[in-house]
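**Student:** Starting off with a structure, shown below.
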């Protein structure tokens, strides 16, 4: 009998301990906490709805702009001529490019007389409107034959000359790369001229060793509204690093565009807002590698085409 009482007492203690544990671990939900939880959920749902509405409005605006661009580009050039022969005659008349935003072309030049002539000849051949697409040639190096070659085009182009021709200090281990320091200095000065002196809102940047496609001006004119409308973009390039004929859709690819995390360069467009951001911290050298760093890209992308609109022919230069 005594043994039975002891077992019952132990059992009671265990039950009591379990009840106390459950009371502390599993606290009953009060009506106020339920209301607070519901309130938090409602606030989160309201915020989510607001964000979705903003995104919807943004993409509706972007879609409308793309429809306008598409209507303007009904006569867009086919990709086959561009891919196989950048100097072909398959370009449109350019009548749909007489009006639109001002998009100057900045051509970076130094001491390659024949190269700058070849580049300017194609740009002038395909340019549909001088007022809308002014060509500004920025020359470094002080090379007289190259300067005279540029001046021979008269008022068809605007010549500006980098005034600082002094030698540049370079770390001892990088002396063989001095050219990259000079190029970075030139780019900084030239882009400052474009946006601070000439007060342009955007620019197409090319170098003096690029052939351009017949529809190069149509390409940048069509992509400019997209660059302006989408804050997750920061440039448009005319170059596809893998743009060989065997790797692209030559037949149907002339209107295909892609987003890329890699800065392609070799014929590209940027806005004044981007230069306001990058200009003050512009590097002393290797500017294109610097631009590709995550700190500058800031999770933004560039547009690049399926079919390249530029082709480099340079054999003499800093990068050989």
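The values are calculated or read from the model by the stated rules, or taken from the named source; none is laboratory data. In this text the structure is predicted, and so the values were computed from the model without any measurement. Every residue, glycine among them, receives a Cβ derived from its backbone with ideal geometry; neighbour counts consider all protein chains shown.
**Student:** All but one of (1) surrounded by 13 or more Cβ atoms within 10 Å (Cβ to Cβ); (2) without any contact (Cβ under 8 Å) to a residue 60 or more places away in the chain hold for residue 191, so report the exception by its number.
**Tutor:** (2)
**Student:** Another question about this same structure. Could you check, for region 86-103, whether at least one of its residues is out of contact with any helix residue (DSSP H, G or I) (no Cβ under 7 Å at 6 or more places or on another chain), modelled with pLDDT of 95 or more and in a loop (DSSP other than H, G, I, E, B)?
**Tutor:** yes
**Student:** Ok, one more. Need the failing condition index for residue 196 against (1) in contact (Cβ under 8 Å) with a residue 12 or more places away in the chain; (2) assigned to a helix (DSSP H, G or I); (3) closer than 30 Å to residue 163 by Cβ, just the number.
**Tutor:** Only one criterion in (1) in contact (Cβ under 8 Å) with a residue 12 or more places away in the chain; (2) assigned to a helix (DSSP H, G or I); (3) closer than 30 Å to residue 163 by Cβ is unmet by residue 196, namely (1).
**Student:** If I filter region 136-149 for residues that are surrounded by fewer than 18 Cβ atoms within 10 Å (Cβ to Cβ), touching a strand residue (DSSP E or B) at 6+ places or on another chain (Cβ under 8 Å) and assigned to a helix (DSSP H, G or I), do I get at least one hit?
**Tutor:** No, region 136-149 contains no residue that is surrounded by fewer than 18 Cβ atoms within 10 Å (Cβ to Cβ), touching a strand residue (DSSP E or B) at 6+ places or on another chain (Cβ under 8 Å) and assigned to a helix (DSSP H, G or I).
Rundown of residues vs (1) under 12 Å from residue 269 (Cβ atoms); (2) crowded, with 23+ Cβ neighbours inside 10 Å; (3) touching a strand residue (DSSP E or B) at 6+ places or on another chain (Cβ under 9 Å), yes/no style:
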position	(1), (2), (3)
196	no, no, no
202	yes, no, yes
210	no, yes, yes
217	yes, yes, yes
223	yes, no, yes
228	yes, no, yes
233	yes, no, yes
241	no, no, yes
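**Student:** Kindly indicate whether residue 254 is part of a helix (DSSP H, G or I) and at pLDDT below 95.
**Tutor:** Criteria met by residue 254.
**Student:** While we're on this one: Of the residues that sit in region 266-289 and are in contact with a strand residue (DSSP E or B) (Cβ under 9 Å, 6 or more places away or on another chain), touching a residue at least 40 places away in the same chain (Cβ under 8 Å) and within 24 Å of residue 197 (Cβ to Cβ), which one is surrounded by the most Cβ atoms within 10 Å (Cβ to Cβ)?
**Tutor:** 267
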